[in-house]
Amino acid sequence: GVFANWVATVQNTGLEAAIRGTVIRKKDLTINLYFNISRNFNKLIAYPNIERSPYATRYKIGSSLSTNYYYNLLGVDPMTGLYVYEDYNKDGLLRNKAGVFPGTDGDDRYKAYDMAPRFQGGFGGSIYWKGFGLDFNFSYINQLGMHPFFGVKPGSMKNLILPDEMKNNHWRNPGDAVKYARYTTSSSTNPVSPIDASFLRLNNLSLSYGLADKLVNKMGMQRCIVSVSAQNLFMLTAYTNDP
């Protein structure tokens, strides 16, 4: 159980900008557009006795709480087909030491990655022409994500669907200059460096038509609009998995 709270000071700040307006307003045509963007920051300002807390190997004063530390991936060894990482302290060993802060005391995980989104936002609008209406909404985010093949063991005895990128660009024979390691059942060959997981997504799209007043009045109604809408129609991203 938790018997007491640890006293710490965390600074949270953010910036946001938004613009919205009518671009065109005529008798039969109206176009409204909007755009927004935001960026949030957090930083650990103070944590008395952090070295004696459960978070001594997790957080660092002056850094974001979203910071993770990893080895520096150098690529695939063309002779062995295994991933190669930088030996940060040049002691001939690649070590992930428990009980020490990453990148210190012989630990080689010195690469710091802030996993919080760099910026995010959305844009969209509405277009009305005579009786027709079109509404759309996009969202976007610039961020890092875990390598999509982290934890994947191509070679293990289980059902596994590999992306074409990995099937066509993995190590097979000595001398191969490739992006992905050989097929194996060992998890120690997994890439552990985060990569770009940014995306742009069309969240909503709606098309409508308002029936003419004369026809609507004959039907005994004040107004009648027929519409069709869809969500999550497509996403643009270089990330192999769903970000």
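Some observations on this one:
- Picking from residues in the range 78-87 that are open to solvent by 50 Å² or more (accessible area, probe 1.4 Å) and not β-branched (Val, Ile, Thr), the one that is nearest to Lys153 (Cα to Cα) is Leu82.
- Filtering Gly124, Gly145, Gly103 for residues that are open to solvent by less than 70 Å² (accessible area, probe 1.4 Å) and either in contact with a helix residue (DSSP H, G or I) (Cβ under 7 Å, 6 or more places away or on another chain) or over 18 Å from Val192 (Cβ atoms) (or both) leaves a single hit, Gly124.
- Checking Lys27, Lys60, Lys90 one by one, the residue that is outside any strand (DSSP E or B), touching a strand residue (DSSP E or B) at 6+ places or on another chain (Cβ under 8 Å) and either at pLDDT below 95 or surrounded by 16 or more Cβ atoms within 10 Å (Cβ to Cβ) (or both) is Lys60 and no other.
- Flag if Pro154 is surrounded by fewer than 16 Cβ atoms within 10 Å (Cβ to Cβ) and either more than 27 Å from Asn32 (Cβ to Cβ) or touching a helix residue (DSSP H, G or I) at 6+ places or on another chain (Cβ under 6 Å) (or both): no
- Selection within the range 225-243 - of a type outside the set (A, V, I, L, M, F, W, C) and within 26 Å of the chain's Cα centre (by Cα): Gln231, Asn232, Thr237, Tyr239, Thr240, Asn241, Asp242, Pro243
- Here Ile19 meets the list (1) among the β-branched types (Val, Ile, Thr); (2) out of contact with any strand residue (DSSP E or B) (no Cβ under 8 Å at 6 or more places or on another chain); (3) loosely packed, with under 11 Cβ neighbours inside 10 Å almost entirely, failing just condition (2).
The values are calculated or read from the model by the stated rules, or taken from the named source; none is laboratory data. Remember, it's a predicted structure, so these values are computed and weren't measured experimentally. Using ideal geometry, Cβ is built from the backbone for each residue, glycine included, and neighbour counts are taken over all protein chains shown. Side chains are part of the model used for accessible areas, which takes the heavy atoms of the whole protein and leaves out ligands, DNA and RNA. Shrake-Rupley method; radii C 1.70, N 1.55, O 1.52, S 1.80 Å.
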